[in-house]
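The values are calculated or read from the model by the stated rules, or taken from the named source; none is laboratory data. What you see is a predicted model; the values in this text were computed from it and never measured. Please note: Cβ atoms are built from the backbone with ideal geometry, for glycine as well, and neighbour counts cover all protein chains shown. The accessibility values were calculated without ligands, DNA or RNA, using every heavy atom of the protein model including side chains. Shrake-Rupley method; radii C 1.70, N 1.55, O 1.52, S 1.80 Å.
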Amino acid sequence: MYTRAVDLKRLKFITDILKDSIPESGNILDIGCGNGNISIHLGSQGFNVLGVDISEKAINTANQNNSYSNVSFNAIGAEELVTSGTSYDAIICSEVLEHLSEPENLLITISLLLKHNGKLIITVPNGNGPREALMTKPMQWMRRKNNFFWKITKIVKRGLGYDGKTVQSDADDLEHIHFFTKKSLSKMAHQHKYKISKFENADFIEDLFPFSLITKRIGFLQRFDCLVADVLPHQLTGGFHTLWEKSETNQQ
């Protein structure tokens, strides 16, 4: 389960929105649920949750962690749910879009699954934020080149205990393919007839090496970093928490 301040902040953003906007027994779809942390927490709050993910390894972990009868998991893609005719009060897509080659296709599927007055919660890393700009993109460049620096980097990462796995998901492939900004998210929402009604900054530099060596052991520094992010321009945040709602033209 989550222990890092930034993950708990994201979980609070999601939970607060759902408690304020849908019935306690409402039906929630968690797309790309990974290890099921969000789904299981929402189940503990009384919501009925279905978590789906294409990684069987992640779904197996989610099932092992789950003890709630109102929470279930399935190793399928969201598009396979469309023919069932089921619609959801809320859909969560947390730390997912950046991994997809065609995220727009998922948004089309979501429109078919989400009720007209439903809530869509999307969280993504900031593509120009500190971690993506200074860590993710340079690492991907070095890996593609497979040069001397990449070989040294792999040795150092292993020595420091960085194995590429996250508490979010046990999936084998967690590469970031798309890098979103506030502007590109807003444009994508508009193109798919949504409006972003809430926008929250995530963290600042607590998960950026070498700061992460210290902050991962000191919860206060993590929480302080999240508070700093709240007052920073969105360009400097590590990620975005957003609430999407269907526009009037999408509800017709």
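Some observations on this one:
- If you filter the range 172-189 down to residues that are outside any loop (DSSP other than H, G, I, E, B) and in contact (Cβ under 8 Å) with a residue 12 or more places away in the chain, you find that the one that is surrounded by the most Cβ atoms within 10 Å (Cβ to Cβ) is F180.
- Count - residues of the range 195-252 that are hydrophobic (A, V, I, L, M, F, W, C), touching a residue at least 40 places away in the same chain (Cβ under 8 Å) and either at positive phi or open to solvent by 70 Å² or more (accessible area, probe 1.4 Å) (or both): 2
- Those residues of the range 88-132 which are free of Cβ contacts under 8 Å to residues at least 60 places away in the same chain and hydroxyl-bearing (S, T, Y), in sequence order: T109
- For the range 29-50, a residue qualifies if it is more than 30 Å from R217 (Cβ to Cβ) and either open to solvent by 10 Å² or more (accessible area, probe 1.4 Å) or within 15 Å of the chain's Cα centre (by Cα) (or both), and the qualifying residues are L29, I31, G46, N48, L50.
- Scanning the range 111-131 turns up at least one residue that is of a type outside the set (A, V, I, L, M, F, W, C), modelled with pLDDT of 95 or more, open to solvent by 50 Å² or more (accessible area, probe 1.4 Å) and more than 22 Å from D203 (Cα to Cα).
- Condition check for S169: more than 16 Å from the chain's Cα centre (by Cα), open to solvent by less than 80 Å² (accessible area, probe 1.4 Å) and not aliphatic (A, V, I, L, M): no
- Within the range 132-162, being outside any helix (DSSP H, G or I), out of contact with any helix residue (DSSP H, G or I) (no Cβ under 8 Å at 6 or more places or on another chain) and loosely packed, with under 13 Cβ neighbours inside 10 Å holds for N146, N147, G161.
- Taken over the range 62-78, the criterion of being closer than 26 Å to L112 by Cβ, in contact (Cβ under 8 Å) with a residue 24 or more places away in the chain and not polar (S, T, N, Q) is satisfied by A62, V71, F73, I76, G77, A78.
- Selected residue (criterion: farthest from R131 (Cα to Cα)) from residues of the range 232-248 that are part of a strand (DSSP E or B) and not aliphatic (A, V, I, L, M): K246
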